[in-house]
Structure formats: C-alpha cells, structure tokens
Amino acid sequence: MIGNPIKKSDFVLSPYIKSNNLRATYQIFNTVVPYFLLWILAVKAASISFWLLPPIMVLMVLFSVRCFSLMHDCGHYSLFSSKKVNRVVGFMFGVINAIPQYPWSRGHAYHHKTNGDWERYRGPSALISTEEFAKLSPSGQWWYEFLRHPLMIFPGGFFYLAIKPRLALITGIYGFWGHLLNYLKQYPEITLIGCFSSYKSKTWYTTGEFWDLLFNNICVVGSWIFLSYFLGVGFFWSVYSITLTCSAALFICVFFVQHNFEGSYAHKTEGWDYLRGAIEGSSYLELPPLLKWFSADIGYHNIHHLCERIPNYNLEACHHHNQHLLTTVKTLRIADISDCFKFILWDSASNRLVSISSFREASQPKGVEIGVH
C-alpha cells in the first residue's frame, strides 16, 4: 500500500452492512436443526454399529464450526438487526460451543481494534517477539515451540472450550470470596452488591461478562449431566469430546492462518495503521464452496476486518465489489495452511512475522557454519 494511499472511504461498504433478519433466521435453522438431528442419528447409528459413527461425527464437527462462525457474527451484532436478538442467539450458540459468547466477543472486539499492532495484541497463541524468545533458556525455547506446534490445536482446542470457561468461573469466584472477606474487614457496612462491583477479576471485566459466564456454565454443565444420564456417559463423552475438540481445532486453525502468514502486517504501536492491519494483516482464505458454507464465509477475513458489522451472508458480495482495492491482500489456499504455523515470532525491528528457524539462521554469527567437522 506504500505509494498507494487507499482510504477506508474508497471502499463501498455501507450497502452490505444492513442485516437481513429473514436470512439470519434461515441460517439459524439450517445450522442448529441439522446439528441436533445428527446427534439423534448418531445415537441410532451407534445401536447398529460404531463404524457408522465417523461420517456422522465429521458432519457434526462441520456444523459445530458453522455454529461458532454464526456466534461470532452475533458478537459483532451483525447477524440480526436487533442487538437483543444477537445477544440471545449468541448465548444459545455459546452453549452449543461450550463457550461464554459475551466475554469472548468483548475480547474478540479488542483484537479487531488492534489488528496488526503486535505491541498490543499477540494473537490467541500469545506469541512473543524475537527479543523475548532470545532471552529464553534452551528448554524455554523448546517448550515455546512445542506448545505452538500445529498438532497442539487439538488438546488446546478442547481446553479452550471445555475446560477454560469452567476454570474462569471457579477461579473468579474463589478470588471474589477472598476480596469479600478483606473488604468486609475494611468496610463492614458495605453491601454484597457493592463489594461485587468493586471486585476486579482477571477472568471477567464487567458484571455483564460475569452473568454470561455464570449462566453459560450452568447451561453447559447442566446439559453435560443430563445428556450423560440420557445417552450414557461413555457414548456421550466419546462423541462430544471428539467433535468439540476437532471443531475447536478447525476454527483456531482458520483464525490463526488468517493473521499469521508470510508478509502479514505486524507493526509496532507507533506508526500502526488500522486500514493496513485490516487489508495486509488479514488474509483471504480461498475455500471450496462447501467449506465456505460451513465456515460462514469467514475466509473473507480482510473484508470482515474492514467492517465487522457486515454479516457473513454479505461478505462475498462486498469482497467482489471492492476487489480492485484488495490487490495487496494475501490469498491463501488449503495447501498453504501448514506453512502459516511456522510464523510464531514477531520481529519488531522489521515489523514482520518470522519463523524460529529463520530467526536462528539470522542470529547465527557470520562465518560460523553448522555441520560435521
């Protein structure tokens, strides 16, 4: 974009921002209904032969991914025209995906505000700079690289959905009781509500986030107990844990490659440009039509970052309308995804993402050769 000062006003975005409630409702039904029918089909299939389950579970994973993508739209208040409807539907999808939608969406909003500013936001993988990496011990460097290996998205995905929200509630409440005891000693006359409002939790930032986290956990854990009793603990957790893990791994993978790739805009706060962060710090992931449908067109991530209020069903049209302004956007295909996982260090000196191997090669003193002597 250097030498070509494109402005956000150059893009035609406003016609695509308007939400279509009828279309959104149809998306809800064509996603949620098949997902629950697949669960019924899985129960019936298991009574015949467990070998019938794998293709059904593959479809369950894909529909779970679509549920998450639609939940993501609700978090941006773009799926429906009503903010309240987006909150209600988003909460429902949060229960399906075992993640509190409102706290997640507020954290995701921060990502949108800082995309491409790598001093303020290092992605969901908590990437570090080359300077920070160089200061780690050899074992620390190995551990850092191991935790960000592509295969770690599977246990990481299960932890992200099934365990982390439960831990967030438990640790937050535990911290509150300690805060309550200390506060009552200092201010005996304070009410419980007043004490709670003064509590600064590391796991939620507002009272609204706490309530969403609490009710999500009640619904999710309650459904786990009910379905374990109704379907059988072994069957339910076998199917549920596999589908939840794989769907989480898929959307973590998609989100990662949409921002971590060779040439991605990775700037310091000083001089950071929001528009370049959207266009050059977000990729266009070209997917086959079937996967585009299951991902709710999240592959048009550059358009999504230009304007998060554009609902998924308008992203493709908006992309094509503005394609002449998107010449600097990185286009990725499925075959390119594996290479993206190499870029897990931020080089603040050059404002770019680098691989550990390239960093080590650049850090090696000149004249020193690695080989057999």
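What follows draws every value from the coordinates through simple rules; no lab data is involved. These numbers come from a predicted model, not from an experiment. Virtual Cβ from ideal backbone geometry, glycine too; neighbours counted across all protein chains shown.
Here are a few things to note about the model shown:
- Alpha-carbon geometry of the chain: the Rg and the Dmax are 22.7, 77 Å, given in that order.
- Its DSSP H runs of at least 4 residues, each contributing -39,500 (n - 2.57), put the calculated 222 nm mean residue ellipticity of the chain at -19000 deg cm²/dmol, to the nearest 500.
- Here the relative contact order of the chain, from alpha carbon pairs under 8 Å that lie six or more residues apart, stands at 24 percent.
- Note on TRP293 and ASN182: their simple-model spin labels are 5.5 nm apart, each label 7 Å out from Cα toward Cβ.
- Here the chain is treated with +1 on each Lys and Arg Cβ and -1 on each Asp and Glu Cβ, and its dipole about the Cα centre works out to around 740 debye.
- Whole-angstrom gap from the stretch 51-85 to the stretch 329-349, using each part's C-alpha centre: 26
- Label zone at VAL12, where the point sits 7 Å out along the Cα-to-Cβ direction: the stretch 280-303 residues whose backbone N lies under 11 Å: none
- The stretch 211-294, relative contact order [Cα under 8 Å, separation at least 6], %: 19
- Bridges between two residues of the chain, per DSSP, are antiparallel at a rate of about 50%.
- Segment LEU147..TYR26, full-extension length gain: 39.6 nm, with 0.36 nm per residue of separation and the alpha-carbon distance subtracted.
- Cα lying deepest toward the dipole's positive end in the stretch 1-105, options ALA98, TYR16, VAL32, charges on Cβ: TYR16
- Each Cα pair under 8 Å and six or more residues apart adds its sequence gap; the mean of these over the residue count of the stretch 123-230 is a relative contact order of 25 percent.
- When the alpha carbon gyration tensor of the stretch 1-131 is reduced to an equivalent ellipsoid, its three semi-axes come out at 35, 22, 15 angstrom, largest first.
- Think of the chain as a dipole: +1 on every Lys or Arg Cβ, -1 on every Asp or Glu Cβ, centred on the Cα centre; then among LEU231, ALA349, SER139, LEU231 lies furthest on the positive end.
- Subtracting the Cα-Cα distance of TRP224 and ASP339 from 0.36 nm times their residue separation leaves 37.7 nm of extension gain.
- Among CYS307, HIS149, ASN115 - extreme Cα towards positive end, dipole of the chain, charges at beta-carbon: CYS307
- For the stretch 43-166, the number of Lys pairs separated by eight or more positions or lying on different chains, with C-alpha atoms closer than 29 Å, is 6.
- Pairs of C-alpha atoms in the stretch 234-373 farther apart than 27 Å represent 35 percent of all such pairs.
- Mean-position separation - Cα centroids, the stretch 270-317 and the stretch 3-24, in angstrom: 11
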